[in-house]
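One structure below.
The values are calculated or read from the model by the stated rules, or taken from the named source; none is laboratory data. Computed from a prediction, not measured in an experiment: that's the story for all the values here. Cβ: placed from backbone, ideal geometry, glycine included. Neighbour counts: every protein chain shown.
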Amino acid sequence: MNPLMRMYEFHKREFSIEDNTFLRLFEKLLSESPHSILQCSAKISPTDLYLARFRAGYLDKDIQKGLEAMIKFIDEIAKYDAVHLNRTIFEPVVGDGLDLSRVNALGIGIDSRRNINDSKVKCYFLIVNYPEKMSQVLSLHMPVNGIGDYLIHNDLVFGIEMYFDGRTDVEIYPRLESPELKNPVLMDNFKFSNEVTALIEHCTSLNISFELNGNRVLHFLPKHPAKFTRQINNRQLSMIFSNIQILGLIFSRLRETDPIEVIFSLQEDEIISKNIQNIDLQYDLIYRSYEKG
């Protein structure tokens, strides 16, 4: 079995995720399109745990087919009477004028919830040397004070969310790599607290996104995910991460996959208050079959 499908099945089985129409559509997408990345995710909140969260990613020569698979998947989801996808952001951004030569990666994800209105599809794009598209995306994003300070690279990751009840928005994820994280002058611009800096010290990169109220969400890529998990000290997170460690051991024996990459998304204000209750844990696997061919 394709390693990415093995990871998908592992996540569903280990976390007892019930099958449904929308997950079956996502599985169809996985079986029919040449994706190179799979991300599984768990979202922890004080009142619930959301585990039916998956994303397929496309790289290099597969980007055109990936875009076609993305549009087909959205069309199939939209056929259901209970689903009302609003494409007023998606269509202008991903229209006929999209220059795929400047798209280095893209992804399509499903977040399936018991309350269908809170379910959503989300599209991701990594654009490079594409200032006109970057300007368009920023114009659709909510205003952020000093946004220019965050855009220190010539690339940008952004996502377009489409909830099943018609809500839609765009998110941006400017990144800071290890050299920037070690640059005290640059880091002073972001006014990170000591609590945040203590977590950043253990990371190789950091992405930043923004909630509707303007609060920052910080997406940490730690050097040692197990140690990072202990720092956060959340019981549910520790239990979920133990499953990922098992999966990592399974795939560590495969030469055709990269090591599993684990990302922790935390709300900045909760880090500062030392009361972390909302956590997104994402783990990615890259299948290097796309390099052969």
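Here are a few things to note about the model shown:
- Enumeration of residues in segment 1-29 that are at pLDDT 95 or above, of a type in the set (A, V, I, L, M) and out of contact with any Ser or Thr (no Cβ under 7 Å at 6 or more places or on another chain): 17, 25, 29
- Enumeration of residues in segment 147-180 that are surrounded by 14 or more Cβ atoms within 10 Å (Cβ to Cβ), of a type in the set (Ser, Thr, Tyr) and more than 18 Å from the chain's Cα centre (by Cα): 150
- Criterion (crowded, with 19+ Cβ neighbours inside 10 Å, of a type in the set (A, V, I, L, M) and either within 30 Å of residue 235 (Cβ to Cβ) or touching a helix residue (DSSP H, G or I) at 6+ places or on another chain (Cβ under 7 Å) (or both)) met by exactly one of 100, 106, 23, 30: 106
- Positions within segment 33-44 being surrounded by fewer than 19 Cβ atoms within 10 Å (Cβ to Cβ) and modelled with pLDDT of 95 or more, in sequence order: 43
- Residue match in segment 237-249 (condition: assigned to a loop (DSSP other than H, G, I, E, B) and more than 18 Å from residue 180 (Cβ to Cβ)): no
- If you go through segment 29-64 and keep only what is under 26 Å from residue 10 (Cα atoms) and over 18 Å from the mean Cα position of the chain (by Cα), you end up with 31, 32, 33, 34, 46, 47, 48, 62.
- Test for residue 231: is it under 30 Å from residue 146 (Cβ atoms), over 20 Å from the mean Cα position of the chain (by Cα) and either β-branched (Val, Ile, Thr) or outside any loop (DSSP other than H, G, I, E, B) (or both): yes
- In segment 220-241, the residues that are of a type in the set (Lys, Arg) form Cβ pairs under 7 Å with partners that are surrounded by fewer than 20 Cβ atoms within 10 Å (Cβ to Cβ), at six or more places apart or across chains, as follows: 223/202; 223/204; 227/202.
- Residue 228 being modelled with pLDDT of 95 or more, over 17 Å from residue 262 (Cβ atoms) and in contact with a helix residue (DSSP H, G or I) (Cβ under 8 Å, 6 or more places away or on another chain): no
- In the condition set (1) in contact (Cβ under 8 Å) with a residue 60 or more places away in the chain; (2) of a type outside the set (A, V, I, L, M, F, W, C); (3) farther than 22 Å from residue 167 by Cα; (4) touching a helix residue (DSSP H, G or I) at 6+ places or on another chain (Cβ under 8 Å), residue 87 is compliant with all but (3).
- Pairs linking a residue in segment 252-279 that is in contact (Cβ under 8 Å) with a residue 12 or more places away in the chain to a residue that is part of a loop (DSSP other than H, G, I, E, B) and among the small types (Gly, Ala, Ser), with Cβ atoms under 6 Å and 6 or more positions apart or on different chains, are 272/193; 278/45.
- Residue match in segment 55-62 (condition: on the phi > 0 side of the Ramachandran plot and in contact with a helix residue (DSSP H, G or I) (Cβ under 7 Å, 6 or more places away or on another chain)): yes
- Search result, residues across segment 114-140 that are surrounded by fewer than 17 Cβ atoms within 10 Å (Cβ to Cβ) and in a loop (DSSP other than H, G, I, E, B): 114, 115, 129
- Residue in segment 162-178 that is nearest to residue 115 (Cα to Cα), counting only those that are hydrophobic (A, V, I, L, M, F, W, C) and touching a residue at least 40 places away in the same chain (Cβ under 8 Å): 164
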